[in-house]
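The values are calculated or read from the model by the stated rules, or taken from the named source; none is laboratory data. Not measured: the values here are computed from a predicted model. We work out accessible area using only protein heavy atoms, side chains counted, and drop any ligands, DNA or RNA first. Shrake-Rupley method; radii C 1.70, N 1.55, O 1.52, S 1.80 Å.
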Amino acid sequence: MEGNGNRSSSRAPHLLSKIRELTKSVLNDLGNGRSPSVAIDKFRNYCRNPNGSCRCKPDFSEGKEIVTFHRESHVHRLDVLLRVLLIVQQLLQENRHGSKRDIYYMHPSVFRDQSVVDQAINDLCILFGCSRHNLNVAQPVPVHVEEVEDILTVADYILVVEKESVFQRLANDQFCRANRCIVITGRGYPDIPTRRFLRLLIETLHLPAYCLVDCDPYGFDILSTYRFGSMQMAYEAKSMCNPEMSWLGAFPSDFEKYSLPKECLLPLTAEDKRKTEAMLLRCYLQREAPDWRFELELMLQRGVKFEIEAFSVHSLSYLSREYIPSKIQELYN
């Protein structure tokens, strides 16, 4: 865990007060022979209604889940929640930061799996109406993106790429200089600071944003995370999703359009097919991005996938000099 110098969270006193209230409530229940219970709001940013006729809204609670010792399945969850709560209290009191992995290793024999720590952190965020960085559960330097001031640029657009290897390819080709743009990568599934920084850039600079991912189910899921948010953090999707995000590629239909040889294609695995079928059921595809849904159906129908780097079959710089500029020109037209 790391200290944070003189920087302190402006919400720390308020959060510490809420922690004391929750702790006092639990102790009072135990002292009076009652089973402690915690009511946690339930959120979701999509359902699996492919007709898009639902009313999913990530900023509205769909009810509450009561976590209590009365239910055997909740005993371990409540134990983990209270242990993580005490760790967060210590972080806030000492103005220090710790990662989710740091927290896991403080009680590995009790937690047993990282996912239960992640769930406890999300539960605390919902209970206190805050973000993870407010709880000091993050590295201190990149999370305070709201404190960035006077953002100026001559860029015409923002390009988000899935992979660091593609980012490096564009850097080597001096793509930003030649095309007056900002290029960002989340190196796979983007972390929270990356998504919040992207949101800040879009809102501050009022620039169009495009996303370039592999033509496979995981690339599409990463694209969806940038635009619609993740189910795990549905309670905070409104502050981190980017509804202005456009899908630049790679599309299944790009295979013929850009004359890629069949050797560039890879068969979808059984897991790929299951993931694609599950994503096709997401309500927001029908409601907000039916053209995305069409491309996803095409991928499943053809049973093949390919990587962004496949365009290098034409030339090493084909991606930066031909493919991306042509795709952006299509969107402008």
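Want the number for LEU30 to THR153: 0.36 nm per residue separation, take away the alpha-carbon distance, what's left? Net length gain for the segment: 38.6 nm.
Within a straight-line Cα-Cα reach of under 26 Å, LYS275 can be paired with the following lysines, leaving aside sequence neighbours fewer than 8 residues apart in one chain: LYS42, LYS57, LYS163, LYS238, LYS257, LYS262, LYS305. The slack in the chain from THR23 to TYR189, taken as 0.36 nm per residue of separation less the alpha-carbon distance, amounts to 56.3 nm. Protein heavy-atom surface of region 165-303, 1.4 angstrom probe: 53% of the accessible area is carbon and sulfur, with nucleic acids and ligands not counted.
Once you order the gyration tensor axes a ≥ b ≥ c over the Cα atoms, which shape class does region 169-289 get: rounded for a/c under 1.5, otherwise prolate or oblate by comparing a/b with b/c? It comes out oblate by the Cα gyration axes.
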